[in-house]
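What follows draws every value from the coordinates through simple rules; no lab data is involved. In this text, all values refer to a predicted model and were calculated from it rather than measured experimentally. FYI the Cβ positions are ideal-geometry reconstructions off the backbone, even for glycines, and counts take in every protein chain you see.
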Amino acid sequence: MNLSAKWKQRIAFSVLGLASIVVIVPVVVIFFILIEKGLPAINWQFLTAMPRMGMRAGGIFPAIAGTMYLVLGTIVVALPLGVLAAVYLVEYARQNWMTRMIEVAIVNLAGVPSVVYGLFGLGLFVIFLKFGSSILAGSLTLSIMVLPVIITASKEALSSVPQSFREASLALGVSKWQTIRCIVLPNALPGILTGTILGISRAAGETAPILFTVAAFYLPRLPKSLFDQCMALPYHLYVLSTQVPNVDPKIQYGTALVLVGLVFILNFLAIVVRAHIRGKKQW
Amino acid sequence: MVNLSENKIVTENLSVHYGTVRALKDVNLAVRTKEILGVIGPANSGKTSFLKALNRLNDLNPDCRVSGSIRIDGKDMNREMDAEDVRKRVTMVFALPLPLPMSIFDNIAYGPRRHGMKKRKELARIVEKSLRAAFLWDEVKDRLSSSAMKLSGGQQQRLCIARTLAVDPEVILYDEPCSGLDPISTAKVEEAMFELKARYTQILVTNNVKQAARVGDRVAFFLTGELVEVDEAKKIFTAPRDQRTNDYITGRFG
């Protein structure tokens, strides 16, 4: 290797390293600011009480609970639907124009702006199916939004299960469905769950899809049924920041911190779940 | 006493195509009950295609087309049977050991469990019997619940044979089962095959001509998708009828 090649390599490595470091800077800065300005607001009352005085005081409990309901609803709808679709696409569907169309649709679905999902949910669930602005309509809208993420992650997880495992099972006269249930799915589970939780955590932070389908501006009580509106953290944050005058910035940052914290907990959960299943798996 | 000339599997004009490529041409071959049939031939001779046709693993490849007929005990396995039934009676041991990612016990019990066996005692009995038959029991009896992935290559391959035996097949296909094994492990696998002769019909595809001579009762020689000849192992290796067979076993080509 001559001198200039060495230098080129050194420069290349520095640029690559720098690019990686730049990635973590915004995360650290955002977290630092949120903790610095938001942490003083956070106490037991803030997390568990209803908002008071036009949201200028009190807690944000209904928004936390609302976001939890939406997350739960999204998991219930999107997880089975996404995993089943992925199993079909990976294990059963033949490669033809139909499956290619489905795959193109999934990729495009992932690229649709979230506000469009909101309008779609408004048109289909809220108005056409007459669910009204409700947890049901909101969860369904969020589900459609995260489906591409879940399907793509599940497909990758399923494809990464070695073909040889399938052959070993099929060669024993075990049926295809039993092979999928007993060999393929258990081994794909960590990947599926990781993808799902990451998708869901994104849904938890979205504002646009819930704007027209579920979110209540100010509702200082808990929803009573699936057909109730509810508050949600992202929308509540938007309202606090732009719609209500004279809000203590402490409350705004506190709300943001809770939202980010929630998303981080979900992501952390994904890591724990994956590590746990990997630990049980013996290869 | 079993009549050795009784045929277990009979193929008639068996051809296998992958897309437009013909991998196997009009093979007419009878596999006798409880014999070990060695199948030899150079790369691309169609021997693995032949093997995979015998338990319908070719079905998994959408490009693959099988024509002609294969009969097991007189029954056409492509027209009169489900693929699952065929594979339960005709199981396969692969070139690379393929333990499933679970414990040794669960690996062996996998087949019986899927076929509906739920009784723990009976499963334990099947597992022990299968492991003994594959000469693996003494080496693993104290760690049945540890991962099968931690076994050595030779042990894994015998585990795969044991797993195959656990579904109580009639025919066992081996696709170059010793290609990744050292000589001692190979000897153990061959020893297991000899023991299994009492109860099973076995077909061994191998790149190792000497192995076919050691283990096979009869040997079939394939070349470019055609069955050149099949005969008693002794005859093939001492006085083959076809010049091409002679060339191959003496290492003049292939």
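Taking just the C-alpha trace of chain B, give me its Rg and Dmax in Å.
18.1, 56
Whole-Hz Karplus ³J(HN,Hα) for the stretch B:212-221, in order, using 6.51 cos²θ - 1.76 cosθ + 1.60 and θ = phi - 60°, x for Gly and Pro?
Per residue, the Karplus-derived 3J(HN,Hα) values read 4, 5, 5, 9, x, 6, 10, 9, 10, 10 Hz.
Under the rule that an exposed site lies in a DSSP loop and has at most 15 other Cβ atoms within 10 Å, name the longest stretch of chain B with no GluC sites (Glu not before Pro) of that kind, not counting the sites themselves.
That gives B:81-254 as the longest site-free run.
What size of dipole, in debye to the nearest 20, comes out for the protein assembly as shown about its Cα centre when the only charges are +1 on Lys and Arg C-beta atoms and -1 on Asp and Glu C-beta atoms?
Dipole magnitude for the protein assembly as shown comes out near 820 debye.
Figure the gain on full extension for A:L3 and A:W177 (residue separation times 0.36 nm, minus the Cα-Cα span) and round it to one decimal in nm.
56.6 nm
Specify which residue in the list B:P62, B:L123, B:F135 is farthest towards the positive end of the charge dipole of chain B, using unit charges on the beta carbon of Lys, Arg (+1) and Asp, Glu (-1), about the Cα centre.
Farthest along the dipole direction, towards plus: B:L123.
So what is the 222 nm mean residue ellipticity for the protein assembly as shown from helices alone, if each DSSP H run of at least 4 adds -39500 (n - 2.57) and you divide by all residues, rounding to the nearest 500 deg cm²/dmol?
Computed mean residue ellipticity for the protein assembly as shown: -17000 deg cm²/dmol.
In a GNM of chain A with a 10 Å cut-off on Cα contacts, which of A:S143, A:S133, A:S159 has the highest mean-square fluctuation?
Largest GNM mean-square fluctuation: A:S159.
Can you tell me what share of the DSSP beta bridges in the protein assembly as shown is antiparallel? A percent to the nearest 5 is fine.
Approximately 60 percent, going by the DSSP bridge assignments.
State, in angstrom, two size descriptors of the stretch B:85-191 derived from its alpha carbons: Rg to one decimal place and Dmax to the nearest whole number.
My reading of the Cα-based Rg and Dmax gives 12.8, 38 Å.
Send over the Kirkwood Rh of the protein assembly as shown, from the inverse of the averaged 1/r over different Cα pairs, rounded to one decimal Å.
Kirkwood hydrodynamic radius for the protein assembly as shown: 27.9 Å.
Along each of its three principal axes, how wide is the spread of alpha-carbon positions in the stretch B:46-103, in whole angstrom units, largest first?
So the three principal-axis extents are 38, 22, 19 Å.
Per residue of A:173-182, what is the mean number of Cβ atoms on other protein chains within 10 angstrom of that residue's Cβ?
Mean shielding by partner chains, rounded to a whole number: 5.
Set the Förster distance to 35 Å, then compute FRET efficiency between A:V22 and A:Y218 from the Cβ-Cβ distance, nearest 0.05.
My answer for the efficiency is 0.30.
For the stretch A:1-97, give the magnitude of the charge dipole about the Cα centre (Cβ charges: +1 Lys/Arg, -1 Asp/Glu; no others), in debye to the nearest 20.
360 debye
With the contact rule set at Cα under 8 Å and sequence spacing of 6 or more, what percent relative contact order holds for chain A?
27 percent
Using +1 at the Cβ of each Lys and Arg and -1 at the Cβ of each Asp and Glu in the stretch A:58-280, identify which of A:L70, A:A188, A:T152 lies farthest towards the dipole's positive end.
A:A188
Given a Förster distance of 51 angstrom, what is the FRET efficiency for B:K129 paired with A:V116, based on the Cβ-Cβ distance and rounded to 0.05?
Computed FRET efficiency for B:K129 and A:V116 comes out at 0.25.
Between A:K250 and A:V104, how high is the FRET efficiency from 1/(1 + (r/R0)^6) when r is the Cβ-Cβ distance and R₀ = 51 Å? Nearest 0.05.
The calculated FRET efficiency here is 0.60.
For the stretch B:7-249, what is the charge dipole size about the Cα centre, in debye to the nearest 20, if Lys and Arg each add +1 at the Cβ and Asp and Glu each add -1 at the Cβ?
Its charge dipole is roughly 700 debye.
What is the distance, in nm, between label points placed 7 Å from the Cα along the Cα-to-Cβ direction at B:K210 and at B:E80?
About 4.3 nm, to one decimal.
Angle check, please: helix B:120-133 long axis (alpha carbons) against the longest principal axis of chain B (alpha carbons), in degrees 0 to 90, nearest 10.
50 degrees
When you count, for each residue, the other Cβ atoms within 10 Å and take the mean per peptide, how do B:91-98, A:85-92, B:199-206 rank with the highest first?
Ranked by mean Cβ neighbours within 10 Å, highest first: B:199-206, B:91-98, A:85-92.
For the stretch A:89-218, what's the relative contact order in percent, using C-alpha pairs closer than 8 Å and at least 6 residues apart?
38 percent
Using only atoms on other chains, find how many Cβ atoms lie within 10 Å of each Cβ of peptide B:95-102 and report the average.
Partner-chain Cβ atoms within 10 Å, mean over residues of B:95-102: 5.
Helix A:249-280 versus the longest principal axis of chain A: what angle, 0 to 90°, nearest 10, using Cα atoms?
20 degrees
Looking at the stretch A:58-280, I'd like the Rg to Rh ratio, where Rg is from alpha-carbon atoms and Rh is Kirkwood's inverse mean 1/r.
Answer for the stretch A:58-280: 1.05.
Measure nothing fancy, just the Cα-based angle from helix A:61-87's long axis to the longest principal axis of chain A, in degrees from 0 to 90, nearest 10.
Computed tilt is about 20 degrees.
Counting DSSP beta bridges in the stretch B:7-249, what percent are antiparallel, to the nearest 5?
Within the stretch B:7-249, antiparallel bridges account for around 60 percent of the total.
Relative contact order (percent) for the stretch B:7-249, with alpha-carbon contacts under 8 angstrom and 6 or more residues of separation?
Answer for the stretch B:7-249 is 28 percent.
Please report, to two decimal places, log10 I(q)/I(0) for the stretch A:1-154 at q = 0.18 Å⁻¹ as given by the Debye formula with identical point scatterers on the Cα atoms and no solvent.
-1.13
Placing +1 on the Cβ of each Lys and Arg and -1 on the Cβ of each Asp and Glu in chain B, which of B:T250, B:M81, B:V39 has its Cα farthest towards the positive end of the resulting dipole?
Of the options given, the answer is B:M81.
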